[in-house]
1. So, in region B:1-29, how many residues would count as being touching an Asp or Glu at 6+ places or on another chain (Cβ under 9 Å), assigned to a loop (DSSP other than H, G, I, E, B) and either crowded, with 17+ Cβ neighbours inside 10 Å or β-branched (Val, Ile, Thr) (or both)?
2. When the residues of region A:10-44 are filtered to those that are among the β-branched types (Val, Ile, Thr) and surrounded by fewer than 17 Cβ atoms within 10 Å (Cβ to Cβ), which remaining residue is nearest to the other protein chains (Cβ to nearest Cβ)?
3. Could you tell me whether region A:45-63 includes any residue that is within 22 Å of B:Lys38 (Cβ to Cβ), away from every other protein chain (no Cβ under 11 Å) and in contact (Cβ under 8 Å) with a residue 24 or more places away in the chain?
4. Consider A:Tyr87 against the criteria (1) touching a residue at least 12 places away in the same chain (Cβ under 8 Å); (2) surrounded by 13 or more Cβ atoms within 10 Å (Cβ to Cβ); (3) more than 30 Å from B:Leu54 (Cα to Cα): it satisfies all of them except one. Which criterion is unmet?
5. I'm checking my understanding of the structure. Among residues of region A:74-84 that are surrounded by 19 or more Cβ atoms within 10 Å (Cβ to Cβ) and within 12 Å of the chain's Cα centre (by Cα), which one is farthest from the other protein chains (Cβ to nearest Cβ)?
6. What strands (runs of 3 or more DSSP E) lie completely within region B:41-105 and have 1 or more residues being within 14 Å of another protein chain (Cβ to nearest Cβ) and modelled with pLDDT of 90 or more?
7. Going through region A:1-47 one residue at a time, which ones are within 15 Å of A:Val111 (Cα to Cα) and among the hydroxyl-bearing types (Ser, Thr, Tyr)?
Amino acid sequence: QQKVQQSPESLTVSEGAMASLNCTFSDGTSNNFRWYRQHSAKGLEVLVSIFSDGEKEEGRFTAHLNRANLHVSLHIREPQPSDSAVYLCAAPMTNSAGNKLTFGIGTRVLVRP
Amino acid sequence: DTTVKQNPRYKLARVGKPVNLICSQTMNHDTMYWYQKKPNQAPKLLLFYYDKILNREADTFEKFQSSRPNNSFCSLYIGSAGLEYSAMYLCASSRGGAHGNTLYFGEGSRLIVV
């Protein structure tokens, strides 16, 4: 069964400084990963989808995937206070039919002005 | 338009009473999902519909019901709410059931059971 763990649990950064979040997963055969974020009392917003080892950039958000190391990261360039949210890593469930995702608990990011 | 809409946004229910949550999407997605999210926990998949076929996770099989009267709508039904059902319920949809398709989420329905 796919297991997803995120670190750190929380992160405080200053506006404009790079923010880096980490995610490890247990099934290295998985081939699609996503980063979502959730603002307080809101739904999940997809930020980046990455399907192969290497880097994928979507605006100020860049994901790095290394399946050999069972690791995917998210970097937020020039974070703004509006980026304060919980960031969730998602990986496909192992041995599952359909597009079922397993999520991490999330990293709570606070961007200080 | 990648909007998934959920109603109600907030629901207060008494223990033992039924709860019905509604989700709609206009993207003609054939797969719709319901996740449960509690504070400081990862979202947990409860069930999903691929077209008209309902798939429920093993550990939630008896607790939740769902219906999908047409492609656009999907409901989540709790027959008798318990305190442990208090959570945010997130509906999502995706195009097809194959790996690689992005899930689009609604803003959630926050259920408080008292």
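1. In the first step, residues of region B:1-29 are kept if they are touching an Asp or Glu at 6+ places or on another chain (Cβ under 9 Å); the result is B:4-6, B:9, B:26-27.
If we keep only those that are assigned to a loop (DSSP other than H, G, I, E, B) as well, we get B:9, B:26-27.
When the remaining residues are screened for being either crowded, with 17+ Cβ neighbours inside 10 Å or β-branched (Val, Ile, Thr) (or both), the result is B:26.
Summing the residues that are touching an Asp or Glu at 6+ places or on another chain (Cβ under 9 Å), assigned to a loop (DSSP other than H, G, I, E, B) and either crowded, with 17+ Cβ neighbours inside 10 Å or β-branched (Val, Ile, Thr) (or both) in region B:1-29 gives 1.
2. A:Thr29
3. Taking region A:45-63 first, the residues within 22 Å of B:Lys38 (Cβ to Cβ) are A:45-46.
Subset that is away from every other protein chain (no Cβ under 11 Å): none.
No.
4. (3)
5. Going through the qualifying residues, I end up with A:Ile76.
6. B:44-50, B:53-56, B:87-94
7. A:Ser10, A:Thr12, A:Ser14, A:Ser20, A:Ser40 - these are the residues of region A:1-47 that are within 15 Å of A:Val111 (Cα to Cα) and among the hydroxyl-bearing types (Ser, Thr, Tyr).
The rows are residues; the columns are (1) acidic (Asp, Glu); (2) under 24 Å from B:Gly106 (Cβ atoms).
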| residue | (1), (2) |
| --- | --- |
| A:Asp53 | yes, no |
| A:Arg77 | no, no |
| A:Asn99 | no, yes |
| A:Val111 | no, no |
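The values are calculated or read from the model by the stated rules, or taken from the named source; none is laboratory data. Keep in mind that what you see is a predicted model, and the values were worked out from it rather than measured. FYI the Cβ positions are ideal-geometry reconstructions off the backbone, even for glycines, and counts take in every protein chain you see.
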